[in-house]
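Here is the structure we will look at.
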Amino acid sequence: MTVPFLPFALPEIGEEEIAEVVDTLRSGWVTTGPKAKRFEADFANFLGDPDLHCIAVNSATAGLHLALEALGIGPGDEVITTTHTFTATAEVVRYLGADVKLVDIDPATLNIDPALVEEAITSATRAIIPVHYGGLAADMRALHELADECDLAIVEDAAHALPSTFEGRLIGTLDSAATVFSFYANKTITTGEGGMLVTRDAKLAQRAKVMRLHGMSRDAFDRFTATVPSWYYEVIAPGFKYNLTDIAAALGLHQLKKAHAFQQRRAAIAEHYNREFAEWPVITAPVAPVGQSHAWHLYPLRLKPEAGVARDRFIERLYEAGIGCSVHYIPLHQQPYWRDRYRLNAASFPHSQHAYEQMLSLPIYTRMSDADVQRVIDAVRAALA
Ligand SMILES: *Cc1c(COP(=O)(O)O)cnc(C)c1O
């Protein structure tokens with residue numbers, strides 16, 4: 001008997017989510033409406049801070065774009081981010097005609113190195129986009145100190161970081177200009193596609209809401225559900241089409257309720273991996289400092305030279321054993337667009353480059369059974385042999 005292939009990632013969608021989507025489909029309102037509004041309110045409650053504005057969008061990429069647009073970032077400006085991320089983190093800067101300064105990571109955490117951020121700051125720098133890699137919070141204390149000193153905005157790419165904490169506070173509640181979460185299919189909670197822009201800044205929130213829907217002064221739900229004639233609206237800017245549908249929000253309402261339980265399951269899998277791998281020729285995933293919560297979106301494993309097997313061959317062996325895995329990330333300095341635009345080379349990013357060459361991401365998701373986790377461990381052991 002052959003065992004079924006264990007995919008790298010799978011969403012966990014329950015009957016509650018399915019019933020809520022069906023309810024939306026039967027309701028007569030399928031685009032942005034009451035459920036998206038409720039999802040935003042629930043999200044603020046989840047973060048435990050009534051002063052937060054939560055703005056549901058159809059992707060984290062859209063949310064990052066809206067945040068930078070609302071900050072007024074444009075041509076001539078520079079935004080600093082990590083090379084060790086997905087291209088979405090950086091591409092939004094280019095949407096606005098501004099330029100990206102990539103910096104290397106701290107090899108111990110795989111997060112952006114604040115000392116290198118400091119070196120990269122010029123008179124054109126306007127913002128920093130830290131990424132909480134894999135769900136482990138970046139050094140937000142150092143980054144906020146730098147930002148305060150140099151009058152820079154921080155927009156957190158929190159695509160991996162629901163729920164993560166930094167010094168006891170949930171990511172999303174720190175004093176950044178904005179924080180953006182992703183609900184893409186493989187993220188820690190999912191709406192299929194979706195994201196949430198979170199900010200304390202009422203003006204930023206107002207601008208992002210208007211730009212989320214064509215630059216219109218009133219959204220469709222407000223207009224169509226009013227009981228007095230309300231066809232009038234004004235277009236105040238050439239906005240975007242970034243609103244989250246109620247079909248997607250229906251999923252989010254129930255996924256959010258499960259976010260802590262999901263996190264606990266992923267953390268248990270990570271602990272199991274770290275325990276098993278402790279004595280093997282690998283570098284286990286970085287863990288959070290005591291008292292800090294790690295969302296465990298990713299489990300990055302690094303092969304030491306003593307492993308005697310190259311990363312690519314190792315991944316092939318895992319696939320031969322029926323285990324899906326991935327690599328997070330091919331650093332941006334290696335990608336043709338970023339490399340060529342800024343004439344980058346790997347020598348300028350030794351820690352990211354070295355990590356990339358050694359690393360792979362193992363499956364870590366709530367639908368994995370204990371037997372699935374054991375299968376991954378056994379396959380890793382066999383692939384190292
Ligand atoms: C997934 C991801 C994004 C983009 O999220 P979308 O919701 O797909 O737009 C951005 N940054 C990082 C680090 C991601 O992993």
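Here are some notes:
- Flag for ASP372 being more than 29 Å from THR190 (Cα to Cα) and assigned by TED's automatic domain parsing to the domain that holds ALA268: no
- Contact map, region 61-83: first residue in contact (Cβ under 8 Å) with a residue 12 or more places away in the chain, second residue buried (at least 22 other Cβ atoms within 10 Å of the Cβ) and acidic (Asp, Glu), Cβ cut-off under 8 Å, separation 6 or more or different chains; pairs are LEU64/ASP157; THR81/ASP157; THR82/ASP104; THR83/ASP104.
- Selection within region 175-193 - out of contact with any Ser or Thr (no Cβ under 8 Å at 6 or more places or on another chain), of a type in the set (A, V, I, L, M, F, W, C) and either over 18 Å from THR61 (Cβ atoms) or more than 10 Å from the ligand (Cβ to nearest atom) (or both): ILE189
- Scanning region 53-72 for residues that are over 16 Å from ALA248 (Cα atoms), within 15 Å of the ligand (Cβ to nearest atom) and of a type in the set (A, V, I, L, M, F, W, C) returns LEU64, LEU66, ALA67, LEU68.
- Only one of ALA138, ALA108, ALA158 that is modelled with pLDDT of 95 or more and either surrounded by fewer than 24 Cβ atoms within 10 Å (Cβ to Cβ) or away from the ligand (no atom under 16 Å from the Cβ) (or both): ALA108
- Checking each residue in region 310-349 for being part of a loop (DSSP other than H, G, I, E, B) and in contact (Cβ under 8 Å) with a residue 40 or more places away in the chain picks out ALA321, GLY322, GLY324, CYS325, HIS328, TYR329, PRO331, GLN335, LEU344, PHE349.
To keep it simple, each residue is scored yes or no on (1) part of a helix (DSSP H, G or I); (2) charged (D, E, K, R); (3) within 16 Å of the ligand (Cβ to nearest atom).
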| position | (1), (2), (3) |
| --- | --- |
| THR173 | no, no, no |
| ARG218 | no, yes, no |
| SER230 | no, no, no |
| ALA237 | no, no, no |
| LEU251 | yes, no, yes |
| ARG275 | yes, yes, no |
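The values are calculated or read from the model by the stated rules, or taken from the named source; none is laboratory data. Please read these numbers as outputs of a predicted model, since none were measured by experiment. Note: ideal-geometry Cβ built from the backbone for every residue, glycine included; neighbour counts use all protein chains shown.
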